[in-house]
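Q: Have a look at this one before I ask anything.
Just so it is clear, none of the values below were taken in a lab; they were calculated from the coordinates. Please read all numbers here as calculations on a predicted model, not as lab measurements. Don't worry about glycine lacking a Cβ; one is built from the backbone with ideal geometry, like all the others, and counts go over all protein chains shown.
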Amino acid sequence: MMLQLLLGLACAAGVPATAPAHSQFALASVGGRALPALWQETELMGGARLRAWWVSGQASFCGDNTYHIALTMRTTGPGVLGQPVVVTMTGTWERSGRDGRIVVRPARGGQVHWQVRGDTLALRARVSASPTGSLTPAQFVFIRRS
């Protein structure tokens, strides 16, 4: 709840009065799995497993073409306290045509293409989700919040 409030305030603070209302989305699935979604699993000596799970996420797209994303991950396994880790991203966005595509430009550089269809926001990315560092496709799906 606090995360939603902070993201909403972050958007509202930068939106000019004439800008359209901002859109907020909640993370619904990762890699086709509903939350909590297993992201990475590593087998340890003795057969124990260390696991990382995506447990929640929020994305806010503001009328001033900035965005704020916060994704929460939790790990489980022997010796792990399971404290949540929040990954945040900010930057700018713009529409990329009439088919619902938007271009997201993280503040750290680069650009990523997202797809908006109705109340669904999706990102397909090649990400490192294995101990070997190999890149695999993963889709993050967000649902618009009312």
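Q: Using a cut-off of 10 Å between beta-carbons, work out the net charge of the residues near Glu41 (Lys and Arg +1, Asp and Glu -1, Glu41 not included). Could the numbers behind the result be given before it?
A: On the way: positive: Arg49, Arg51; negative: Glu43.
So the environment of Glu41 carries a net charge of +1.
Q: Using the per-residue mean of other Cβ atoms lying within 10 Å as a proxy for protection, in what order, highest first, do the peptides 35-47, 77-89 fall?
A: Packing proxy ranking, top to bottom: 35-47, 77-89.
Q: How high is the FRET efficiency from Asn65 to Ser29, r the C-beta distance, R0 22 Å, rounded to 0.05?
A: Using R0 = 22 Å, I get an efficiency of 0.25.
Q: How far apart, in nm, are two points set 7 Å out from the Cα along the Cα-to-Cβ line at Leu38 and at Thr88?
A: It is 3.2 nm.
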